[in-house]
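**Student:** Sharing a structure with you now.
The values are calculated or read from the model by the stated rules, or taken from the named source; none is laboratory data. Because the structure is predicted, anything quoted here is derived from the model rather than measured. Don't worry about glycine lacking a Cβ; one is built from the backbone with ideal geometry, like all the others, and counts go over all protein chains shown. Heavy atoms of the whole protein, side chains included, go into the accessibility calculation; ligands, DNA and RNA do not. Shrake-Rupley method; radii C 1.70, N 1.55, O 1.52, S 1.80 Å.
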Amino acid sequence: EITSLLSLYGGQFSGEQEIRVNSPFWILNIPSEETARGLMKRTVCAKSIFELWGHGRSAGELYASLKNYPMDKMLPYLQSDSTYKVHIHTFNKTLTQAQKIKKIDALEFLPFKGKVNLKNPEHSFWILEDYGMDPNNVPEEPLHLYFGRWIADGQRELIESYSVKKRHFIGNTSMDACLSFIMANHGRVKPNDVVYDPFVGTGGLLISSAHFGAYVCGTDIDYNTIHGLGKASRKNQKWRGPDENIRANLRQYGLEKYYLDALVSDSSRPIWRKGMLFDAIITDPPYGIREATRRTGSQRETVKSAERSTENHIFVSSNYHLSDIFFDLLKFAAEYLVMGGRLVYWLPIYRPEYTEEIIPRHPCLKLISNCEQMLSSHTSRRLITMEKVKEFKDQDQNSYLLDGQYMPYRGHNSFREKYFSGVTKRIAKEEKDNQK
């Protein structure tokens, strides 16, 4: 998420420090404080950002680093007419109040001229100490120490304010609010973008994009979900109310002006005219476990529903193989994304058999990130982010990657169907076992 936002706002990870996945503290090079504030107005993963004045692997190194920090950069925040407060945050260790005071007193060499204000200071300074990630093996002294001026907090409060528990219209698989915002950030959604979800469901992913100022739309094959009809997913409620729909959700959060529309449509048969381009496609395809995978069929295919009904508003539907879903999704993204636009989606994985080779690829799309969310010891899903880097041509219509080469796609039997059908069965079995 941070990497995507840096590419959107500007900045990069410090060349002095590699990205330490197992550390809660990262050092970034950001061109301005305004850029830093812009980044923190988006992130739900980062807690706070600071202007780094000094850091080291010991208290002595930290103090030496602070003494070398340019005085002209410090003085504007240390004036006699200002107020300040010094906080201490320790990761993986709890300090006593006496220990905290001792560490604060050790900074007396800094030229603080203002008055201390513990309730509402103009400037906040933080000592950050990293004691590692192992709670069973906490070192006596911190592994890394940092001191800096607080600039801004992240958007962690969005997780609670947009919680699915408080949402007007929900479904069985409505996306968690935190993950929705992470997906929007992976997609680099910005004001006035047009964001599309081809498996829109109850529209949870549209809400996070609309919050960031994008115009949103989606399609789904399920007539009842799009129109807010049928049985309710909420506990102690039998049927959906007359105003339970995607538009009502956006209205709940004051985002209705960003809502374009939601249509009943089969994602395997795109309805958009040529040249209709989206800035981002953000979606959570059905895996065939809690949500059925369906597409419109023909009279020659197995008929699931021969006539229109309240439960199924398409005349004929057939099974939609999981591998076909991902192939169609990548092909659609390659054709309808703007250049540099991003596709963000979830891919179910059976961990003992997982290799990166099973990730669907397309010659017009570059894999940007591949992040795992653990579901159980054997199953997980991966958040895949891809970026359009090549204009879509007719020869790219039916291409997929196999053994390092792009080959013509010949249907689900030749495109990882064996793996994905096995994934679906194993995840479904684990869900049943967990329910028992």
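**Student:** Stretched out fully, how many nm does the piece from Thr3 to Ser369 gain, at 0.36 nm a residue minus the Cα gap?
**Tutor:** On the way: separation 366, 0.36 × 366 = 131.76 nm, distance 0.95 nm.
Stretched fully, the Thr3-Ser369 segment lengthens by 130.8 nm.
**Student:** Keeping all protein chains in place and using 1.4 angstrom, which order do Trp26, Trp53 fall into by accessible surface area, from largest down?
**Tutor:** Trp26, Trp53
**Student:** Can I ask one more? Tell me the per residue accessible area of segment 1-145 using a 1.4 Å probe; a whole number in Å² is fine.
**Tutor:** I get 60 Å² per residue for segment 1-145.
**Student:** If you keep only loop residues by DSSP, which trypsin sites (Lys or Arg not before Pro) in segment 121-182 have at most 15 other Cβ atoms within 10 Å of their Cβ?
**Tutor:** Details: sites: Arg149, Arg156, Lys165, Lys166, Arg167; in loops: Arg156, Arg167.
When the trypsin sites (Lys or Arg not before Pro) of segment 121-182 are filtered for loop state and at most 15 Cβ neighbours within 10 Å, Arg156 remain.
**Student:** While we're here: Considering only protein heavy atoms and a 1.4 Å probe, what is the carbon-and-sulfur percentage of the accessible area of segment 1-154?
**Tutor:** 51 percent
**Student:** Excluding same-chain residues fewer than 8 positions from Lys274, which lysines have a Cα within less than 20 Å of its Cα?
**Tutor:** Result set, ordered by chain and number: Lys331, Lys388, Lys390, Lys393.
**Student:** Of all DSSP beta bridges in segment 1-154, what percent run antiparallel (nearest 5)? Please list the in-between numbers first.
**Tutor:** Values: 16 of 26 bridges.
Of the beta bridges lying entirely in segment 1-154, close to 60 percent run antiparallel.
**Student:** So between Val116 and Asn136, what do we pick up on full extension, going 0.36 nm a residue minus the alpha carbon distance? Before the final figure, lay out the partial values.
**Tutor:** Working: separation 20, 0.36 × 20 = 7.20 nm, distance 3.67 nm.
Additional length available on full extension: 3.5 nm.
**Student:** Between Glu34 and Thr173, what's the calculated FRET efficiency when r is the beta-carbon distance and R0 is 41 Å? Round to 0.05.
**Tutor:** About 0.60, to the nearest 0.05.
**Student:** Counting Lys and Arg as +1 and Asp and Glu as -1, what is the net charge of the other residues whose Cβ lies under 14 Å from the Cβ of Arg167?
**Tutor:** Residues close to Arg167 contribute a combined charge of +3.
**Student:** Within segment 85-114, report the chymotrypsin sites (Phe, Trp or Tyr not before Pro) that DSSP leaves as loop and that have at most 12 other Cβ atoms within 10 Å.
**Tutor:** Phe109
**Student:** To continue, here is another question. Just subtract the alpha-carbon distance of Asp433 and Asp72 from 0.36 nm times their residue separation and send over the number in nm, one decimal.
**Tutor:** 123.6 nm
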